[in-house]
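So the structure is just underneath, and the comments pick up after that.
Bear in mind that the values in this text are calculations on the coordinates, not laboratory data. Owing to the predicted nature of the structure, the values given are computational and were not obtained by experimental measurement. Glycine also receives a Cβ, built like all others from the backbone with ideal geometry; neighbour counts cover every protein chain displayed.
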Amino acid sequence: MINVREASAEDTETLWAACLEAANWNGDIRFTKDQLMNDPELSHYVQGWLRNGDFGVVAEARSGEGIGAAWCRTFPADDAGYGFVADDIPELSIGVVPGHRGRGAGTALMTALIDLGRSRGERAISLSVEDGNRARDLYERLGFVRVGRNGGSDTLLLEL
Ligand SMILES: CC(C)(COP(=O)(O)OP(=O)(O)OC[C@H]1O[C@@H](n2cnc3c(N)ncnc32)[C@H](O)[C@@H]1OP(=O)(O)O)[C@@H](O)C(=O)NCCC(=O)NCCS
């Protein structure tokens with residue numbers, strides 16, 4: 001059984017773990033945790049969590065262990081994320097640890113995060129998905145549409 005709840009400042013480690021899964025999404029170890037934490041283009045997704053404007057959700061196994069997270073953060077144009085659309089549109093990140101994928105955690109995290117964004121009055125959520133990542137099916141099923149291109153990735157947007 002998986003429980004999804006709102007993320008707090010105490011969930012930073014679960015977010016780092018999820019961010020590492022997102023960075024290494026295709027199964028290759030492109031980044032170790034140390035490399036991730038020292039790469040400014042990746043670490044800015046989690047560094048300083050939970051700052052003003054951040055919101056997120058975590059998934060827990062029955063044991064209470066964090067097994068995944070989805071969260072949103074806004075970025076200024078001069079420190080944009082890969083899925084940047086505007087400085088007032090939060091960008092989503094998501095990751096579930098490998099042993100717990102394919103059992104609904106990702107869908108539950110996404111729907112909970114979208115509901116949270118809507119209840120906060122956000123107007124939209126953006127994200128970046130690299131070519132070939134199956135996560136794209138999940139995003140499109142939830143209504144995200146392509147609005148841009150950045151390197152080998154598409155930028156998707158969900159209007160709330
Ligand atoms: C994408 C991800 C968060 C989905 O979480 P999940 O718990 O596996 O999701 P669900 O069980 O709810 O499955 C929903 C959809 O996710 C995708 N998915 C499922 N297993 C997956 C896997 N092992 N790898 C990638 N995508 C997967 C599929 O589109 C699936 O839909 P389907 O069952 O109709 O094929 C998770 O697979 C993951 O952490 N992947 C690596 C990190 C990543 O790619 N992050 C997103 C970067 S843009």
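Each row is one residue, and each column tells you yes or no for (1) more than 15 Å from the chain's Cα centre (by Cα); (2) over 17 Å from Thr155 (Cβ atoms); (3) touching a residue at least 12 places away in the same chain (Cβ under 8 Å).
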site	(1), (2), (3)
Ile2	yes, yes, yes
Leu20	no, yes, yes
Phe31	yes, yes, no
Gln47	no, yes, no
Ala59	no, yes, yes
Gly64	yes, yes, no
Ile67	no, yes, yes
Ala77	yes, no, no
Pro98	yes, yes, yes
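Every residue in the stretch 19-66 that is among the hydrophobic types (A, V, I, L, M, F, W, C), assigned to a helix (DSSP H, G or I), within 12 Å of the ligand (Cβ to nearest atom) and more than 24 Å from Asp88 (Cβ to Cβ), please. Across the stretch 19-66, the qualifying residues are Leu20, Ala23.
Out of contact with any Asp or Glu (no Cβ under 8 Å at 6 or more places or on another chain), within 7 Å of the ligand (Cβ to nearest atom) and of a type in the set (S, T, N, Q) - does that describe any residue in the stretch 111-130? No, because not a single residue in the stretch 111-130 is out of contact with any Asp or Glu (no Cβ under 8 Å at 6 or more places or on another chain), within 7 Å of the ligand (Cβ to nearest atom) and of a type in the set (S, T, N, Q). Of all residues in the stretch 84-110, those being near the ligand (Cβ under 8 Å from one of its atoms) and either at positive phi or crowded, with 18+ Cβ neighbours inside 10 Å (or both) number 12.
Sort out which residues of the stretch 131-142 are in a loop (DSSP other than H, G, I, E, B) and either under 21 Å from Gly68 (Cβ atoms) or within 10 Å of the ligand (Cβ to nearest atom) (or both), and write them in order of number. Can you show your working first?
Of the residues in the stretch 131-142, the ones in a loop (DSSP other than H, G, I, E, B) are 131-134, 142.
The answer is Gly132, Asn133, Arg134, Leu142.
Please verify whether the stretch 100-122 includes one or more residues that are farther than 20 Å from Ala7 by Cβ and either aliphatic (A, V, I, L, M) or assigned to a helix (DSSP H, G or I) (or both). Among the residues of the stretch 100-122, not one is farther than 20 Å from Ala7 by Cβ and either aliphatic (A, V, I, L, M) or assigned to a helix (DSSP H, G or I) (or both), which makes the answer no.
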